[in-house]
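One structure is given here, and the rest of the page talks about it.
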Amino acid sequence: MPLLKKNEDMAELVEGLRAHVDDHAAALAACQAMARLIAGEQAEKAAAIARAGGIEAVLAAGAKHAGSAQVAEQVCRVLVDLAYKSDDNKAAIAAAGGIEAVVRVMGEHQANAAVMQYACWALKN
């Protein structure tokens, strides 16, 4: 997947996730791309993803692939950075059921240290 730079590309990434949410590999790749793109000081990209419906899209991917620790880890990574960047995102994550989703992930993947680490950070943020 090419590195995306423009806000319009964030919307395309979110739309791609929505369109291919049933495909494990595609959902994982989209969540990984989002996590990578908004890591660090990428507040503008995080805002673009949130505006495009990225919160709901990653939560849908997490629900669809609940048994996948890889997807769960990436979903939590995305939520960590989205919540860290914005109080509005925190409220949107909570309203979309994100807190419950992260708690569910913790119950389903408690033996996976990476999932638990990102899930805890997501709840902290």
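Among the listed residues GLY16, GLY53, GLY62, which satisfies the condition of being at positive phi and either modelled with pLDDT of 95 or more or within 12 Å of the chain's Cα centre (by Cα) (or both)? Only one candidate qualifies: GLY53.
When segment 69-103 is examined, which residues are found to be over 12 Å from LEU59 (Cα atoms) and not charged (D, E, K, R)? Answer for segment 69-103, where residues must be over 12 Å from LEU59 (Cα atoms) and not charged (D, E, K, R): ALA69, GLN70, VAL80, LEU82, ALA83, TYR84, SER86, ASN89, ALA91, VAL103. So, ALA43, is that one modelled with pLDDT under 90 and over 21 Å from HIS109 (Cα atoms) or not? Yes: the conditions hold for ALA43. Checking each residue in segment 104-116 for being within 15 Å of ALA63 (Cα to Cα), open to solvent by 60 Å² or more (accessible area, probe 1.4 Å) and not charged (D, E, K, R) picks out no residue at all. Of the helices (runs of 4 or more DSSP H) that lie entirely inside segment 18-103, those containing 2 or more residues that are open to solvent by 30 Å² or more (accessible area, probe 1.4 Å), of a type outside the set (Asp, Glu) and over 19 Å from MET116 (Cβ atoms) span 24-38, 43-51, 54-64, 87-95.
Here ALA60 clears all of (1) in contact with a Lys or Arg (Cβ under 8 Å, 6 or more places away or on another chain); (2) without any contact (Cβ under 8 Å) to a residue 40 or more places away in the chain; (3) of a type outside the set (Val, Ile, Thr) except the condition numbered (2).
The values are calculated or read from the model by the stated rules, or taken from the named source; none is laboratory data. A quick note: this is a predicted structure, and the numbers were derived from the prediction, not measured. For neighbour counting, all protein chains shown are included, and Cβ atoms are generated from backbone atoms with ideal geometry for every residue, glycine included. What goes into the accessible areas is simple: the full protein's heavy atoms, side chains included, and nothing from ligands, DNA or RNA. Shrake-Rupley method; radii C 1.70, N 1.55, O 1.52, S 1.80 Å.
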